[in-house]
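*Asks:* Can you read through this structure? Questions will come right after.
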Amino acid sequence: MRCEKISLRALEPEDLELLYEWENNDSYWVISNTVTPFSKFTLKRYLKHSHKNIYETGQLRLMIELIGEKKAIGAIDLFDFDPFHKRAGIGILIADETQKRKGYASMALKCLIQYCFTTLQLHQLYCNILANNTESIDLFEKLGFVRIGIKKDWVQTADGYLDEYMFQLIKK
């Protein structure tokens, strides 16, 4: 899927090293509810089965790539896909520090929202964002997500507990 200056593409075997780096970066663990590293073996197995469609796996990961540069700068995920209730969770990561705050997350999110509501015929999307992640909160609110709740002291960190906001976007 091409969207402005980026494209969203399926995972490729060549993405193993990037995924290994991102999944084992413990600074991302607090936002991904991860507490242990991933092995290359596990990630190879994940890549091997990534060709399965969202109806089989209940999830979809797409790489965010700059058009013309063939450079993956992050990933965007659908998870907790529920075809009966027509909803899914969504998460995004711009991992390349040099590419943050350039609008690429917004482009990728717009593109995936369009795909979800048009191709997958979903009724709604949701996301959970830590209360201190103001950039993500601003991004999702800018694209129409509405804060619908708060989970108090939801995530434990080295500095204490953080609240987590729940956001929802319902197709009009």
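Each reported figure results from applying straightforward, stated rules to the coordinates on display, with no laboratory input. Model, not experiment: these values are computed from the prediction. Cβ coordinates were reconstructed from backbone atoms using ideal geometry, including for glycine residues, and neighbour counts include every protein chain displayed.
*Asks:* What tally of residues in the stretch 67-76 results from selecting those that are touching a strand residue (DSSP E or B) at 6+ places or on another chain (Cβ under 6 Å) and either surrounded by fewer than 17 Cβ atoms within 10 Å (Cβ to Cβ) or of a type in the set (K, R) (or both)? Before you say what the answer is, go through the steps one by one.
*Replies:* So the first thing to find is which residues in the stretch 67-76 are touching a strand residue (DSSP E or B) at 6+ places or on another chain (Cβ under 6 Å), and the list is 67, 72-76.
Narrowing the set further to residues that are either surrounded by fewer than 17 Cβ atoms within 10 Å (Cβ to Cβ) or of a type in the set (K, R) (or both) leaves 67.
Residues flagged as touching a strand residue (DSSP E or B) at 6+ places or on another chain (Cβ under 6 Å) and either surrounded by fewer than 17 Cβ atoms within 10 Å (Cβ to Cβ) or of a type in the set (K, R) (or both) within the stretch 67-76 amount to 1.
*Asks:* Check every one of the strands (runs of 3 or more DSSP E) wholly within the stretch 70-148 and list those with 2 or more residues that are acidic (D, E). Working first, answer last.
*Replies:* Details: elements: 71-82, 87-94, 124-130.
So the answer is 71-82.
*Asks:* Follow-up question, since we're still on this one. Which members of the stretch 149-161 meet the condition of being in a strand (DSSP E or B) and without any contact (Cβ under 8 Å) to a residue 40 or more places away in the chain?
*Replies:* Within the stretch 149-161, G149, I150, K151, K152, D153, W154, Q156, G160, Y161 meet the criteria.
*Asks:* Which one of these does F81 not meet: (1) under 20 Å from K110 (Cα atoms); (2) aromatic (F, W, Y); (3) without any contact (Cβ under 8 Å) to a residue 24 or more places away in the chain?
*Replies:* Answer for F81: the failing condition is (3).
*Asks:* Take the stretch 114-137 and flag every residue that is in contact with a Gly (Cβ under 8 Å, 6 or more places away or on another chain) and either on the phi > 0 side of the Ramachandran plot or not polar (S, T, N, Q) (or both).
*Replies:* So in the stretch 114-137, the residues in contact with a Gly (Cβ under 8 Å, 6 or more places away or on another chain) come out as 125-128.
Those that are in contact with a Gly (Cβ under 8 Å, 6 or more places away or on another chain) and either on the phi > 0 side of the Ramachandran plot or not polar (S, T, N, Q) (or both): L125, Y126, C127.
*Asks:* Of all residues in the stretch 31-56 being of a type in the set (V, I, T) and closer than 30 Å to L162 by Cα, which is nearest to the chain's Cα centre (by Cα)?
*Replies:* Here the residue is I31.
*Asks:* Further question: How about the stretch 13-63: which of its residues are within 20 Å of I113 (Cα to Cα), in a loop (DSSP other than H, G, I, E, B) and in contact (Cβ under 8 Å) with a residue 60 or more places away in the chain?
*Replies:* none
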